[in-house]
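Worksheet: one structure, shown below.
The values are calculated or read from the model by the stated rules, or taken from the named source; none is laboratory data. Keep in mind that this is a model prediction, so the values were computed, not measured. As a convention, Cβ positions derive from the backbone with ideal geometry for all residues, glycine included, and neighbour counts pool all protein chains shown. Heads up: the accessible areas ignore ligands, DNA and RNA and are worked out on the full protein's heavy atoms, side chains in. Shrake-Rupley method; radii C 1.70, N 1.55, O 1.52, S 1.80 Å.
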Amino acid sequence: QVQLVESGGGLVQAGGSLRLSCVVSGSISSINVMGWYRQAPGKQRESVAIITSGGSTHYADSVKGRFTISRANAENTVYLQMNSLKSEDTGVYYCNVIRGFPPGSYWGQGTQVTVSS
């Protein structure tokens, strides 16, 4: 089993910054992909940023140049640095990991990010 615990959400003014953290524990020896997703009120969950075991990163067009995903393998932690926040970044942010063997996809409980304009 895999457990994920997110932290770092909160209320911030537009233009501000937040750093989200996700600590992963359990059977994590073959984690392939780690990522952040978000869900705004009334909208579907969407991918924000992912990072592979090889360090490749992919971002949603809406956050490119503002958000940075990184991982600290020794600490089993993935981060999301969010700068120049906009009101449309508001939502619940979820951490996700995809394990290669045994295969599985796991989610954290979510952390609320609210950007006031």
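Please turn the phi angles of region 3-8 into ³J(HN,Hα) values with the Karplus equation 6.51 cos²θ - 1.76 cosθ + 1.60 (θ = phi - 60°), one per residue in order, whole Hz, x for glycine and proline.
10, 10, 10, 8, 7, x
Looking only at region 47-79, which residues have a backbone nitrogen under 12 Å from a spot 7 Å from the Cα of N32 in the C-beta direction?
The answer is 52-54.
First compute the accessible area of region 5-64 with a 1.4 Å probe, then give the percent of it belonging to carbon and sulfur atoms. Walk me through the numbers before you get to the answer.
Details: 1590 of 3260 Å².
That fraction is 49 percent.
About the Cα centre of the chain, how large is the charge dipole given +1 on each Lys and Arg Cβ and -1 on each Asp and Glu Cβ? Please answer in debye to the nearest 20.
The calculation lands at about 80 debye.
Taking the solvent-accessible surface of protein heavy atoms with a 1.4 Å probe, what is the per residue accessible area of the chain in Å²?
With all protein chains present, the chain gives 51 Å² per residue.
Wrap a convex hull around the Cα atoms of the chain, take a quarter of its surface area, and give that in square nanometres.
Working: hull surface 27.1 nm².
Computed as one quarter of the Cα hull surface, the answer is 6.8 nm².
Return the distance in nm (one decimal) between the two label points of a simple spin-label model at V5 and S117, each offset 7 Å from Cα along Cα→Cβ.
Taking the simple label geometry, V5 and S117 are separated by 3.7 nm.
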